[in-house]
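The structure appears below as structure tokens.
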Amino acid sequence: MHFHKYILAAATLLVLASCEKEIDFEYHDIEQQQVIEGLLTEEGCGVRLTKTVSTDEPFENNAVTDALVTIADLTEPETFLLLPDESGFFSAEGVAGTPGHEYELTVRIGTDTYSSISRMLPPTEIVSAQFNWIKMPYDDVAVLKVEFTQVADPRVNYWLKVYRNGEIYDWQALESRNAVDGIVTGMLLTSRKDTEEEDEDSVLKEGDRIDIEVLTISEAMADYLDSLNNGDYNGNRMFSGSFCLGYFLAAPLAKTQIIFHPDQIPYDE
């Protein structure tokens, strides 16, 4: 069975921002599997349950809503029940994470139970985000440079995500050890200057809204993202109990927004 592209970060569809936060990955040829994707930040929580589907089946019909979903604060023992909407997105009002606390997501579907624990790490802060043109042999290319503060714990990693007009555009996993003078820098090649020669998935145009997020993540989550980036579209296993795909992440969220004005972008010297 050849599987349709699936959403990695669909759990970030909650009220964290006005963006649709989706990252598409295509799973390997396996039997239909349960997929769980959960995110808890200081601003809210959300969990999306779906099944992998083949390319000849309707993708919109893969949501799972018949489940018991809870998030437990293991640091100050309290458990919250999340309820679904018609799209298979589970959430609860007033539930938010606290840095330093450890959380457990538990999902029960029929006789199967899935569980994952994530500790919310200290937050980072975005200090700058800007575009610069660089000259390449084929054209000038806009490079997005994002700088943010290093978290003291050297085991902390970072997940940089960029959205174009509310939809995922690109992402990058970064290590804390790459910091210079307490600043971690992420750099992403984006759009060519000659937009007629640019692919629609990559092109940026005048007035495009660019939303930028940085989440502090564990080494395990960084390994999961690396496995996806290296072609293992199922990723490392992140849940105990019955087998499933996906992840649960409790992480503080730093974010900023810029508008793309190509005529105002300086050239990198």
(message) Looking at the range 227-241, can you tell me whether even one residue there is among the small types (Gly, Ala, Ser) and farther than 23 Å from THR50 by Cα?
(response) no
(request) Would you please name the residue that is nearest to the chain's Cα centre (by Cα), looking only at residues in the range 65-79 that are surrounded by fewer than 17 Cβ atoms within 10 Å (Cβ to Cβ) and of a type outside the set (S, T, N, Q)? (result) ALA72
(message) Considering only residues that are outside any strand (DSSP E or B), over 18 Å from MET221 (Cα atoms) and not charged (D, E, K, R), which ones fall in the range 162-202?
(response) ASN165, GLY166, ALA179, GLY182, THR195, SER202
(request) Could you list all residues from the range 173-183 that are buried (at least 17 other Cβ atoms within 10 Å of the Cβ) and out of contact with any Asp or Glu (no Cβ under 7 Å at 6 or more places or on another chain)? (result) LEU174, SER176, ALA179
(message) Restricting to the range 203-225, name every residue that is part of a helix (DSSP H, G or I) and of a type in the set (A, V, I, L, M).
(response) ALA220, MET221, ALA222, LEU225
(request) Please specify each residue of the range 140-163 satisfying the condition of being of a type in the set (A, V, I, L, M, F, W, C), under 21 Å from ARG177 (Cβ atoms) and touching a strand residue (DSSP E or B) at 6+ places or on another chain (Cβ under 6 Å). (result) VAL146, PHE148, VAL151, VAL156, TRP159, LEU160
(request) Could you tell me which residue of the range 192-209 is modelled with the lowest pLDDT, considering only residues that are in contact with a strand residue (DSSP E or B) (Cβ under 7 Å, 6 or more places away or on another chain) and farther than 19 Å from TYR267 by Cβ? (result) SER202
(request) Kindly provide the set of residues from the range 101-128 that are buried (at least 19 other Cβ atoms within 10 Å of the Cβ) and within 25 Å of SER176 (Cα to Cα), ordered by number. (result) TYR103, SER116, SER118, MET120, LEU121, THR124
(message) Pairs needed: first member in the range 55-79, among the hydrophobic types (A, V, I, L, M, F, W, C); second member anywhere, modelled with pLDDT under 90; C-beta distance under 8 Å; at least 6 residues apart or different chains.
(response) PHE59/HIS4; PHE59/VAL53; ALA63/GLU86; ALA63/SER87; ALA63/GLY88; VAL64/LYS51; VAL64/GLY88
(message) Out of LEU245, LEU160, LEU253, LEU188, I need the residue that is surrounded by 19 or more Cβ atoms within 10 Å (Cβ to Cβ) and over 13 Å from the mean Cα position of the chain (by Cα). Which one?
(response) LEU245
(request) Hey, can you tell me all the residues within the range 226-269 that are under 22 Å from GLU42 (Cα atoms) and either among the aliphatic types (A, V, I, L, M) or not in a strand (DSSP E or B) (or both)? (result) MET238, LEU249, ALA250, ALA251, PRO252, LEU253, ALA254
(message) When you check SER218 against the structure, is it surrounded by 14 or more Cβ atoms within 10 Å (Cβ to Cβ) and within 19 Å of LEU49 (Cα to Cα), yes or no?
(response) no
(message) Taking the condition of being more than 19 Å from the chain's Cα centre (by Cα) and in a strand (DSSP E or B), how many residues in the range 138-148 meet it?
(response) 4
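The values are calculated or read from the model by the stated rules, or taken from the named source; none is laboratory data. All values reported here derive from a predicted model rather than from experimental measurement. Cβ atoms come from the backbone with ideal geometry, glycine included; neighbour counts cover every protein chain shown.
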